[in-house]
Every structure is written in structure tokens, then in C-alpha cells.
1. Can you name the condition, by its number, that Y140 falls short on among (1) surrounded by fewer than 20 Cβ atoms within 10 Å (Cβ to Cβ); (2) under 33 Å from the mean Cα position of the chain (by Cα); (3) modelled with pLDDT of 90 or more?
2. Confirm whether K121 is in the same structural domain as R72 (by TED's automatic domain parsing) and at pLDDT 75 or above.
3. Quick one: A45 ticks every box in (1) crowded, with 19+ Cβ neighbours inside 10 Å; (2) among the aliphatic types (A, V, I, L, M); (3) farther than 30 Å from T404 by Cβ except a single one, so which number is it?
4. Is it fair to say S280 is surrounded by fewer than 15 Cβ atoms within 10 Å (Cβ to Cβ), closer than 18 Å to V378 by Cα, out of contact with any Cys (no Cβ under 8 Å at 6 or more places or on another chain) and at pLDDT 85 or above?
5. Quick one: is N521 surrounded by 14 or more Cβ atoms within 10 Å (Cβ to Cβ) and modelled with pLDDT of 70 or more?
6. Quick check on the stretch 3-21. Is at least one of its residues at pLDDT 90 or above and part of a helix (DSSP H, G or I)?
7. Could you grab the pairs with beta carbons closer than 9 Å, sequence gap of 6+ or different chains, first residue in the stretch 441-454 and small (G, A, S), second one outside any strand (DSSP E or B)?
Amino acid sequence: MEILPFVLHFQTLWLLMFIFRLASSYVDFEAPDNPSIMYTYNRCAEIEKQCGSILSSASELEPDDNRGDRLRKEHFFLNGDWYQESGGAPFMPFGVHDMPGPPMKLVSFWIMDVDPVCRAKNAISISGALEIAKTRRSLYSSKPYQWSPKFYTARGISSLTILFEGIYIETEDNGGKHLMCLLGNATMPTSSQFVDSLESMHEYGEYRRGYKYEPTLVQDDQIMLVLRYPKAFTLSARVISGEMQSMNQKWNLTYFDKIHISSQLVSYSNYQFGAVNLLSKACSPYPHQDNLVMEDVKMFTGDGLCEKLMDVELNDIFNIMPNLECIGWKDCHGKLGPFVLDRKIEASDEDFNQFKLIIQNLHCEARIDENEMKTARVSAVFQVFSSSKYWHREAERTGLSSMTLSAEGIWHSSDGQLCMVGCLGQVGGRSERCSYRICLYIPLTFSIKQRSMVFGTISSINETDSHTSLMFDIAASLKYFSNNLHWSRNLKCSYRYSKIMQASQFQKRSKPSILGTILRNSFLQYPSPKGNDEASFTFLSDALSNRLCAVPQTLLNAQTSRTFVKIEVVSLGSSCGRYWPHLHEEKHEIKKPVYSNSGN
């Protein structure tokens, strides 16, 4: 393939491109501080030189009028991970000695513009913005602070915004990839002005009380970024990877050691199911329900599994219960189930209760199998993180590591069980990492012991590896039962009573005197249902629920702080949770509870 025609094509069409820019607007990617921003491409020769090896592997692009919009939606990523090779040239300063814990290293990338004019048969010009940071504070929003090169530092964060221009290509190598090769422009501190370690920055006094660190900033346009995206996202190919490096000489003040970047597909991307061989190891034959599943607990088997799982992904965090054999980190060999903990976390010897689990990037497709049974194909990423008051920061990270399991599986309505195969970290075709079974359940039966609205297990396909098993669940809160958002009219939960006999015995022992009963019935009124439908029981449940101020026996102590007790009715008879007719667009008379003097 000849590279020269590609460069001449760019230079010849430059005037047409400039005229086109004057008439074009880019509403989706307007800069907050400069709505009239225009994107120019004037580094064609440099791009051809630095990206020559990538261009040589490019295949011809098929015509696609929607390629620009698709690239913007599918090829950005937020809060990926990055790490830097240790060669003595750190990337950016970070000094916040008054904030505990190691910083997170996060990186986000947006495509700002896909050139509609300046293109070749095998490449398209694009421009983008990358924001890279060390932070102990908040995560990024959906767009960077401003569409211009910027270095920002404050208590708890150092971030750098770099603008890039370059080319997008597609290749058929190794199953097919989408690649971007970009050259960047940044306003960044020089490496001679800072040191990377927290201890050294404290020693140098760059963040002493009352003094804000103001490094010397210089322009640097010798930054190269290469990003690789799988052509098709699958269980073993869902990683977005890349490298950013300085093209300066090592003696240059702006030189930095190479940076490696990783993230994963976004919700807009199409996921391709098909891990049949890997899934068969975990779920063929389809496993029986785990021992933790009580026989009298009814499981969800109806419609709406995908909607239910989507609700879990967006709103809920799982609690983790490790294998009973693991008392501490030493017993579990530095693992929390299959997840390999970071050395810094392991060294802290935190309690298992300090860890939580979330579901990310859920893809779910409801289907009907050959036996006319309802099934669903499900793909997701299970991520473990160390919980704290800043847990939401860790929960939004998108890098794949030893703290993540990529999973794909099938839900069978007949069993009420979702069985998945899990792959630890970045798989990259290494099937030995895909040796974990994940089973997920949605119970419809609740009791004084069964309070989980979703629970599951993670175990090793190799049954001899006992240290990799753990259980996770989401406990149903009072809000879960009261707002009825989780259940439809056709998805009824039930409550199994097991303490009725003990409650009756207590009631007999606590029965008031005849005089007390007469006085009580004379002055007090008690709610009772009017009708026998679900709506009537819902209003009765609300009437019986209460929020009270608990007064200690040392009432005379005026300085005693007040304690409130909330009583919430979860179940009345066979009715469980709440049912509001107006949420189901049903029109009938609502029979509110009546009040009588009988308290029996």
C-alpha cells in the first residue's frame, strides 16, 4: 500500500474542508466555554510518519453514512484505568498528603469530531480529547471541564486535558480491530518541576498549608496516543486498550515514561453472545440450585428478567459473604473468592465486610428456546471494590483487572436460575482465566430469615479450589417493600410466617386486665381493612406503619437525645409489599381502612 496518495489527498482537500467547517455546527460536542469551536487538521505529514506502521495494516473501509455518530457513541470511555512504566520520568505531580489512601488513576476519552470531508479509502480523520488524572475526589462527568489543553491541580486531584487529532482505521488482524492513532497537544508541567511520590512532595513542601502548588507549564505537542477496540465485543474480547507516549527525547523536560490505558465497552456497543464452549464448562449440565437456596423459597420465573436485572445494575450494591474457610487474608491467600486483591488492600488487613460488589455493563436478551421455554442471554461485568464513604468513585471505574469478572450466561425460566461463566480480569483469549461459575437468583418468597431480593454465588469450576467461592446478595430494605417499584401486578411476592406460635404465646402472656380492655376499647380506635383486595391491604399497611419517638426510662434527663423507631408493615396475611392501583392504570373504588374500637 502506498502512503503518499493518502497525504496528498489530505492536502488537496484542505480548502474544501475549511469551507465546509464554516457551514457546519457540532451541537453534540460544543465546548462549554466556546460554542463556536472549529476542528482543524493540520498535522497530516506528522500523522503519516508516526502512524505509518498502523496505516500499513489498514483495510478498506466500507461506506457508512452513520460512521461518525456511531464512533462518537461507541468509542468513548469514562473512568478507565492507567498505569505508567517506571523509568524515572513521571507524568504529573500529585501531592495531597492530608488525604488518606492511594489515589485512583483514571482516564477518559471522547471523540470530538469525525471529519466528513477529509478521508481516504482506508482511514478517516478524527479529533478527540483525553482527560487523565490522579484523584481521591469525584469522577469525571460526561464531558471534560473544557475543550482546550489544560492542567489542573487542587487538593485531592491532578488532571491533564490533552487534545488529539489523527486517524481511525479498521484491520482484520486477530479477529478484527478498530484502531486510532492520534497526536496530542497539551499544556503540562515539566518533569524537572515535580517528583511523583507523595512523601517527596511533602518533603519539598509543594502543598504546605496556605500555599498552592503552581508548576511551570509548557506547551507539548509531541504526544502520541494509540487506542485499540475489538471489532466485535465478546466475553473474551471486551477490553479497550491503548498506550500514550512522549515522542520527545529522554533529556527533554516534557518527556514521560509510557502510559498504558484500559477500559471496556460502553452501553451503546453491541455485544455478541457466543461463548458456547466456555459456558458449557460451567453450566452444562445445568447446575442444581445451590445449597444456600431453601427449598420453600419460590424463585422468579416469569417475564421481565432483563428489566429486573437492569434495575439491579443501576441502583443496587451487593454485600459479600466469603467462604467460611476464610477467616482472614492469610487463610484466603490474598483472595476474595476468585478476585485477587491489590497488595495495598491486602496489607491493610481489612475486614471482609469492607468489600462490596456491583454489576456493570449489563447486556440482556430475552428469548424463547426450542422447547418454547422462556430464556435470556446475559452478559455483565462483576466488580469488587473496597467500600468507604467514597465507594461511588470506585464503583464507576471501567478498567478490567483482577478485581473484575467478565461473565456470560443463560437464564432458564424453569429453574429460576441464571448460570454464567466468569473470566478474571483481561482475558485476551486466555481460556484458563474463564474457570468460574456464577449463579444468580431472584427470590419471590420472604421470611424472617430470607431477606435477600437478589442473591448469588461465585465458585470455581474446579471443585477442589474451595477458596474461590463466595456468596453475594442485596438485602431487601423497607423501601423495597413499600414503594412496589420492583414488582408488577403479575409478579407477586409472598411472605412465609414462622413465628406465629411464639407471637400468640406472647400475646396471651401480655393480655391486659378486663378493666384495661374496657378502657382501651372506649377511648382508642384501630384500623381494619374494608374489603379483601390488595389495595385495601396496602392502605391498611400504611395505617399500621408508624414512626415513633422512643423515650428512655431516664425520661427526666432533659439532655437525653431523642431516638426514633420506625415500624414498617411488610406483610399482611397473604399480601406482601404494596400494590397501588394508579400505577397500573386500574380504575376502581379504593377502599381505605375503617376504624373501630376493637383492637383484637
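1. (3)
2. Values: in the same structural domain as R72 (by TED's automatic domain parsing): yes; at pLDDT 75 or above: yes.
Answer is yes for this residue.
3. Every listed condition holds for A45 apart from (1).
4. Judged against the criteria, S280 is a match.
5. Yes; evaluated as a whole, the condition is true for this residue.
6. No - not one qualifying residue is present in the stretch 3-21.
7. Close Cβ pairs satisfying both conditions: S447/M294; S447/D296; S447/V297; S447/R496; S447/Y497; S447/S498; S452/A476.
Rundown of residues vs (1) crowded, with 16+ Cβ neighbours inside 10 Å; (2) out of contact with any Phe, Trp or Tyr (no Cβ under 6 Å at 6 or more places or on another chain); (3) modelled with pLDDT under 95, yes/no style:
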| site | (1), (2), (3) |
| --- | --- |
| Y204 | no, yes, yes |
| G210 | no, yes, yes |
| Q219 | no, yes, yes |
| P230 | yes, yes, yes |
| L235 | yes, yes, yes |
| F256 | yes, no, yes |
| S262 | yes, yes, yes |
| Y271 | yes, no, yes |
| A275 | yes, yes, yes |
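The values are calculated or read from the model by the stated rules, or taken from the named source; none is laboratory data. As the structure is a prediction and not an experimental result, all values here were calculated from the model. A quick note on method: Cβ atoms are made from the backbone with ideal geometry, for glycine too, and the neighbour counts reach across all protein chains shown.
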